[in-house]
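Visitor: Below is one structure. I have some questions about it.
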Amino acid sequence: NSVIGEARQRRGDFFDSFINPKHRLPVAAAALLDELNGDITAPLRNHPRGSRILWALARGYGDQIVAGTGELLAIDTGDTGKALLRDAIYKSLIELGVAHPRDVHDHLRSEYGYSGQRSAVSGWLRRFLEEARVQRLPNSTYYVPGDTREKTFERWTERPDLVRRAAAHEDATDLPEEVRAAMVEFFSEWDPREELVEALRVGAGQQ
């Protein structure tokens, strides 16, 4: 596509104009198209996915610019970068349904151009757990609980193999009773696995 090719070649012109104190807070890529030099951004403004193209180009521009969810862009001042990364991690976990930290890291890399360490992702997931924003199953398996148990089960069905491995993990005996009961119901009705139901009940001292 000639528009994308030209934009890629001139992205230095785009983002050199962006890197100034005015843009320390996140700004939508669509709004940025209107702010930057008119002749540079005109082809993108006329393109149906112009803001998405600009956002995608920003992902690979360098460490100074952070691309976040919702096509947001910001100069990385530390706190801003952390906020966008935090939001992107949380949204990625919702989109994945159930995930290990490495899965979230891979999703961030493919969807947001994240080039940071997996340890940063793991750290945010642990923080979300402390804040009760996420739940963790055995084998470092994370998910965002739904408003109802059914909503949670819908997320588990996105990747039931991870939930099965979590239920079969030796640490499943230490699950909180509420989570254990949810897993028993899930493997009884949503993803029938008699052997896992039995193991979860035996682990809880139930017959």
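The values are calculated or read from the model by the stated rules, or taken from the named source; none is laboratory data. Not measured: the values here are computed from a predicted model. Note that we place each Cβ from the backbone using ideal geometry, even for glycine, and neighbour counts take in every protein chain shown. For accessibility, only protein heavy atoms count, side chains too; no ligands or nucleic acids. Shrake-Rupley method; radii C 1.70, N 1.55, O 1.52, S 1.80 Å.
Visitor: Of (1) under 26 Å from Lys82 (Cβ atoms); (2) open to solvent by 40 Å² or more (accessible area, probe 1.4 Å), Val121 satisfies all except one. Which?
Guide: Looking at each condition in turn, Val121 falls short on (2).
Visitor: A further question on this structure: Looking at Asp171 and the list (1) closer than 22 Å to Val121 by Cβ; (2) at pLDDT 95 or above, which single condition is not satisfied?
Guide: In the conditions (1) closer than 22 Å to Val121 by Cβ; (2) at pLDDT 95 or above, Asp171 misses (2) alone.
Visitor: Quick one: would you say Arg201 is in contact with a helix residue (DSSP H, G or I) (Cβ under 8 Å, 6 or more places away or on another chain), farther than 27 Å from His105 by Cα and not β-branched (Val, Ile, Thr)? If you could, list the steps in order and put the result at the bottom.
Guide: On the way: in contact with a helix residue (DSSP H, G or I) (Cβ under 8 Å, 6 or more places away or on another chain): yes; farther than 27 Å from His105 by Cα: yes; not β-branched (Val, Ile, Thr): yes.
The answer is yes for Arg201.
Visitor: Separate question: Quick one: which of Ala120, Ala167, Ala132, Ala181 is hydrophobic (A, V, I, L, M, F, W, C) and in a loop (DSSP other than H, G, I, E, B)? Show your work before the answer.
Guide: On the way: Ala120 fails: in a loop (DSSP other than H, G, I, E, B); Ala167 fails: in a loop (DSSP other than H, G, I, E, B); Ala181 fails: in a loop (DSSP other than H, G, I, E, B).
Going through Ala120, Ala167, Ala132, Ala181 in turn, the sole match is Ala132.
Visitor: Here's something else I'd like to know. Can you confirm whether Glu111 is assigned to a helix (DSSP H, G or I), more than 30 Å from Ile53 (Cα to Cα) and either of a type outside the set (Ser, Thr, Tyr) or touching a residue at least 12 places away in the same chain (Cβ under 8 Å) (or both)? Talk me through it step by step, then tell me what you get.
Guide: Details: assigned to a helix (DSSP H, G or I): yes; more than 30 Å from Ile53 (Cα to Cα): no; either of a type outside the set (Ser, Thr, Tyr) or touching a residue at least 12 places away in the same chain (Cβ under 8 Å) (or both): yes.
Here the answer is no, as Glu111 does not meet what is asked.
Visitor: For the stretch 137-178, what are the residues that are open to solvent by less than 20 Å² (accessible area, probe 1.4 Å) and touching a Pro at 6+ places or on another chain (Cβ under 9 Å)?
Guide: Those that are open to solvent by less than 20 Å² (accessible area, probe 1.4 Å) and touching a Pro at 6+ places or on another chain (Cβ under 9 Å): Tyr142, Thr152, Ala166, Ala167, Ala172, Leu175.
Visitor: Take the stretch 22-38 and flag every residue that is at pLDDT 65 or above and under 24 Å from the mean Cα position of the chain (by Cα).
Guide: From the stretch 22-38, those at pLDDT 65 or above are 26-36; that's our starting set.
Pro26, Val27, Ala28, Ala29, Ala30, Ala31, Leu32 - these are the residues of the stretch 22-38 that are at pLDDT 65 or above and under 24 Å from the mean Cα position of the chain (by Cα).
Visitor: Can you name the residue in the stretch 179-205 that is open to solvent by 70 Å² or more (accessible area, probe 1.4 Å) and of a type in the set (Lys, Arg) and, of all such residues, is farthest from Ala99 (Cα to Cα)? Even if it seems obvious, please write down each step before you answer.
Guide: Quick first cut of the stretch 179-205, residues open to solvent by 70 Å² or more (accessible area, probe 1.4 Å) only: 189-190, 192-195, 198, 201-202.
Checking the rest, the ones that are also of a type in the set (Lys, Arg) come to 193, 201.
Numbers: Arg193: 20, Arg201: 24 Å.
The extreme case among them is Arg201.
Visitor: Counting just the residues of the stretch 46-91 that are modelled with pLDDT of 75 or more and of a type in the set (D, E, K, R), which one comes out nearest to Val144 (Cα to Cα)?
Guide: Going through the qualifying residues, I end up with Lys91.
Visitor: List every residue pair whose Cβ atoms sit under 8 Å apart, with the two residues 6 or more apart in sequence or on different chains, where the first one lies in the stretch 139-167 and is free of Cβ contacts under 8 Å to residues at least 12 places away in the same chain and the second, anywhere, is open to solvent by less than 70 Å² (accessible area, probe 1.4 Å) and in a helix (DSSP H, G or I).
Guide: Within 8 Å, the pairs are Pro145/Thr152; Gly146/Thr152; Gly146/Phe153; Gly146/Arg155.
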